[in-house]
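Remarks on the structure that follows.
The values are calculated or read from the model by the stated rules, or taken from the named source; none is laboratory data. Computed from a prediction, not measured in an experiment: that's the story for all the values here. Positions of Cβ are generated from backbone atoms using ideal geometry, with glycine treated the same way; all protein chains shown enter the neighbour counts.
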């Protein structure tokens with residue numbers, strides 16, 4: 001995913017935000033955390049799942065900064081890991097002798113955007129408790145700078161949208177940003193219900209069989225629903241019935257704020273909260289997250 005370097009004369013945005021949320025070492029990766037601090041089990045399971053899918057689809061980009069360059073070796077190492085359920089299990093894995101597995105975990109937890117479980121005041125209301133919610137505390141530096149520029153151009157105005165995708169695509173989106181479709185747009189939705197089908201594309205189209213299936217993966221056959229902020233709000237267009245999509249022309253104007261992991265039991269869309277029920281919490285969270293990076 002690439003590191004998020006901090007200039008010596010600047011505060012560590014990720015660490016400052018984590019302290020404010022009282023999350024501490026429960027987030028990751030963050031290249032400024034002390035060696036004794038590790039992601040909590042949920043975040044580490046997520047990081048491994050995202051990496052496994054990314055390596056399976058985009059090996060060169062996924063491992064560009066990794067000390068282990070062979071994609072087959074990395075996927076094998078991940079597949080041999082069990083689901084991390086406790087802080088002690090995470091600490092044990094990181095304190096093991098200097099093996100390729102520990103090298104991989106150390107690298108994975110020390111570079112890239114900072115992820116954390118969504119704190120209570122930022123959890124999106126209306127979703128079932130079995131939907132796992134994470135926030136992107138600190139973005140890739142290049143994507144953040146490009147988004148900040150778009151926010152300036154839109155006079156600070158933005159909107160919230162949803163984007164559904166297989167889990168195997170999430171890490172590349174966090175690293176490289178969104179890619180436009182053949183029509184030149186990034187498709188997103190005003191309501192989460194529309195994006196559910198795209199989160200579970202493999203359930204509709206067999207060719208999208210999920211790749212994120214390492215040995216101890218707790219997210220086998222789960223879908224990913226990304227809660228995003230769009231500078232300017234995007235182009236509103238009818239989608240189906242009374243539902244609307246938002247078309248985004250410039251990839252720099254959309255950034256991921258939330259990662260929601262949806263269990264297979266949530267497909268087809270079942271009891272999905274409406275836009276008016278989630279928008280106040282999400283918009284407030286966007287503003288808070290922007291303030292951590294000086295964007296507010």
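Listed here are the residues, each with its yes/no results for (1) surrounded by fewer than 21 Cβ atoms within 10 Å (Cβ to Cβ); (2) touching a residue at least 60 places away in the same chain (Cβ under 8 Å).
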| position | (1), (2) |
| --- | --- |
| 46 | no, yes |
| 78 | no, yes |
| 83 | yes, yes |
| 91 | yes, no |
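Tell me yes or no: at least one residue of the range 87-110 is part of a loop (DSSP other than H, G, I, E, B) and closer than 26 Å to residue 276 by Cα.
Checking the range 87-110: not a single residue is part of a loop (DSSP other than H, G, I, E, B) and closer than 26 Å to residue 276 by Cα.
Yes or no, residue by residue, for (1) without any contact (Cβ under 8 Å) to a residue 24 or more places away in the chain; (2) not in a loop (DSSP other than H, G, I, E, B):
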residue: 135; (1), (2): no, yes
residue: 143; (1), (2): no, yes
residue: 146; (1), (2): no, yes
residue: 156; (1), (2): yes, no
residue: 162; (1), (2): no, yes
residue: 172; (1), (2): no, yes
residue: 184; (1), (2): no, no
residue: 213; (1), (2): no, no
residue: 216; (1), (2): no, no
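Name the residue that is modelled with the lowest pLDDT, counting only residues in the range 186-211 that are assigned to a loop (DSSP other than H, G, I, E, B) and within 23 Å of residue 277 (Cβ to Cβ).
Checked the range 186-211; the qualifying residue modelled with the lowest pLDDT is 200.
Could you check, for the range 256-266, whether at least one of its residues is in contact (Cβ under 8 Å) with a residue 40 or more places away in the chain, under 17 Å from the mean Cα position of the chain (by Cα) and surrounded by fewer than 18 Cβ atoms within 10 Å (Cβ to Cβ)?
yes
Can you tell me which residues in the range 113-133 are over 22 Å from residue 223 (Cβ atoms) and not in a strand (DSSP E or B)?
Passing the criteria: 119, 120, 121.
Residues are listed down the side, and each one gets a yes or a no for (1) at pLDDT 95 or above; (2) in the same structural domain as residue 202 (by TED's automatic domain parsing); (3) out of contact with any strand residue (DSSP E or B) (no Cβ under 6 Å at 6 or more places or on another chain); (4) not in a helix (DSSP H, G or I):
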{"residue": "19", "(1), (2), (3), (4)": "no, no, yes, no"}
{"residue": "25", "(1), (2), (3), (4)": "no, no, yes, no"}
{"residue": "34", "(1), (2), (3), (4)": "no, no, yes, yes"}
{"residue": "38", "(1), (2), (3), (4)": "no, no, yes, yes"}
{"residue": "46", "(1), (2), (3), (4)": "yes, no, yes, no"}
{"residue": "53", "(1), (2), (3), (4)": "no, no, yes, no"}
{"residue": "56", "(1), (2), (3), (4)": "no, no, yes, no"}
